[in-house]
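The values are calculated or read from the model by the stated rules, or taken from the named source; none is laboratory data. Source: prediction; values computed, not measured. Note: ideal-geometry Cβ built from the backbone for every residue, glycine included; neighbour counts use all protein chains shown. Just so you know, the surface numbers come from the protein's heavy atoms only, side chains and all, with ligands and any DNA or RNA stripped out. Shrake-Rupley method; radii C 1.70, N 1.55, O 1.52, S 1.80 Å.
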Amino acid sequence: MAFDVARIRGLFPALGDGWIHLDASAGMQVPEQVATAVSTAMRAPVSGPGGAFPASQRAEAIVDAARRAVADLVGGDPAGVVLGPNVPVLLQRLAEAMGSGWLIGDELAVSRLDHQANIAPWLRAAQRPGAAIRWGEIDIETCELPAWQYEQLVTPRRTKVVAVTAASGAVGTRPDVPKIAEIAHGAGALMVVDASYAAPYMPIDMQAMGADIIAVSASAWGGPAVGALVFADPELIDRLPACSLDPGTRGPERLELGPHAYPLLAGLVASVDYLSSLDDTATGSRRQRLETSLGSAKSYLAGLVAKLISELRAIRNVMVIGDAMRRVPVLAFTIADMKASDALLALADRGICAFADDVPSGVFSALGVSEVGGAVRVGLAHYTTSGEVDQLVDAVAELRN
């Protein structure tokens, strides 16, 4: 393992602003190679695909490279990669396409742990035919999403989709997705996994995860504002109604609307290459380098978040929300007798970037956090150092004095 955080920090021009960026749950900062890839693509002649001239061929090459990069990231097939502006838009298209064939009596399962991006589209799609919604509830003490409850939530031949997150962007919990997928598949349901908050922090293998469709957001790991859906079985795309301007098109284009933002797709490729280089000893194919590098990043950040949680819990009247066994380095905490908004201002005065519990998620509503003044939410990144964690802990301790 060779995770050199000093080397990685050197890849991020934004880190020279003097702030401590613990706001990764809202999206990581952008590496220089990603910004360069976008600007270079904007300077080069790029036209619409389908032409016999270089500018058109360049556009086709960029799209092809983007599909292959996302496929390498999640262990999927490039032929099953649908590209779009962001995950909420893509999941809305998917829900509308799948929901067109649902009937009264059909069911869907969503969870309180998920971001609204993987809840709201399914609620809307279910409303039209009158399909029923079943909710996966969280354990309010640990913020776990117990997999066993899906035995009761999923109904054979009636449940059409089980939508669940691979990791919470609110409290960091990682559900047992393979177990939930096993239950879903046993009932004949499709498994839709939002891996937006998991992909920056750990190797993703959609086959091992049991995902039929997986969603990822490049901005989560320092890429441009681009999202993707990956279908484990690319043929499933052709069985869905098209939202494309050309209803007769085949493959991923059936769920892609309008022209692509080619410079952003070039940045997407560069961002996946960045992830593959986090461990400078990683070798082999890009997929192999991703597994090595993200494995190293996972180990490094697990140590930091364990330290952060332990030290925050040692501060009187500070409560870390949840106690999940499996997690990504995202967490939320409350400070007794202090509103989260006031705590954020005080942290900003000390040069620390953090957020309140305004992430669209059912977690904080289920916990009633808003009734006690809200929670402070922080997310660690590949470039976070142990010293920055110490500074956050010291700042929180000062707020209690």
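Could you check the stretch 257-308 and list, in sequence order, the residues that are open to solvent by 10 Å² or more (accessible area, probe 1.4 Å), assigned to a helix (DSSP H, G or I) and hydroxyl-bearing (Ser, Thr, Tyr)?
262, 292, 299, 300
Tell me, yes or no, whether the stretch 84-93 has at least one residue that is surrounded by fewer than 22 Cβ atoms within 10 Å (Cβ to Cβ), under 29 Å from residue 148 (Cβ atoms), modelled with pLDDT of 95 or more and out of contact with any Pro (no Cβ under 8 Å at 6 or more places or on another chain).
Among the residues of the stretch 84-93, not one is surrounded by fewer than 22 Cβ atoms within 10 Å (Cβ to Cβ), under 29 Å from residue 148 (Cβ atoms), modelled with pLDDT of 95 or more and out of contact with any Pro (no Cβ under 8 Å at 6 or more places or on another chain), which makes the answer no.
Only one of 41, 97, 79 is open to solvent by less than 30 Å² (accessible area, probe 1.4 Å) and under 18 Å from residue 268 (Cβ atoms); which?
It is 41.
Say we look at the stretch 111-154 and pick out the residues that are polar (S, T, N, Q) and surrounded by fewer than 17 Cβ atoms within 10 Å (Cβ to Cβ); which of these is nearest to the chain's Cα centre (by Cα)?
116
Quick check: anything in the stretch 320-327 in contact with a Leu (Cβ under 9 Å, 6 or more places away or on another chain), open to solvent by 60 Å² or more (accessible area, probe 1.4 Å) and modelled with pLDDT under 95?
So far as the stretch 320-327 goes, no, none of its residues is in contact with a Leu (Cβ under 9 Å, 6 or more places away or on another chain), open to solvent by 60 Å² or more (accessible area, probe 1.4 Å) and modelled with pLDDT under 95.
Output yes when any residue across the stretch 6-13 is of a type in the set (Gly, Ala, Ser), assigned to a loop (DSSP other than H, G, I, E, B) and open to solvent by 30 Å² or more (accessible area, probe 1.4 Å), and no when none is.
yes
Is it the case, given these coordinates, that residue 144 is charged (D, E, K, R) and in a helix (DSSP H, G or I)?
Spelling it out, it is not the case that residue 144 is charged (D, E, K, R) and in a helix (DSSP H, G or I).
For the condition small (Gly, Ala, Ser) and within 22 Å of residue 254 (Cβ to Cβ), what is the one hit in 147, 97, 132?
Unique residue meeting the criteria: 97.
Filter the stretch 33-76 down to the residues that are assigned to a loop (DSSP other than H, G, I, E, B) and on the phi < 0 side of the Ramachandran plot and list them by number.
Those that are assigned to a loop (DSSP other than H, G, I, E, B) and on the phi < 0 side of the Ramachandran plot: 44, 45, 46, 47, 48, 49, 51, 52, 53, 76.
Applying the selection to the stretch 14-32, what residues are out of contact with any strand residue (DSSP E or B) (no Cβ under 7 Å at 6 or more places or on another chain) and crowded, with 17+ Cβ neighbours inside 10 Å?
Matches in the stretch 14-32: 27, 28, 30, 31.
Considering only residues that are in contact with a Leu (Cβ under 7 Å, 6 or more places away or on another chain), within 19 Å of residue 27 (Cα to Cα) and not in a loop (DSSP other than H, G, I, E, B), which ones fall in the stretch 217-241?
Matches in the stretch 217-241: 218, 221, 227, 228, 229.
In the list 46, 30, 81, which residue meets the criterion of being in contact with a helix residue (DSSP H, G or I) (Cβ under 9 Å, 6 or more places away or on another chain), modelled with pLDDT of 95 or more and farther than 23 Å from residue 379 by Cβ?
From the options 46, 30, 81, the qualifying one is 81.
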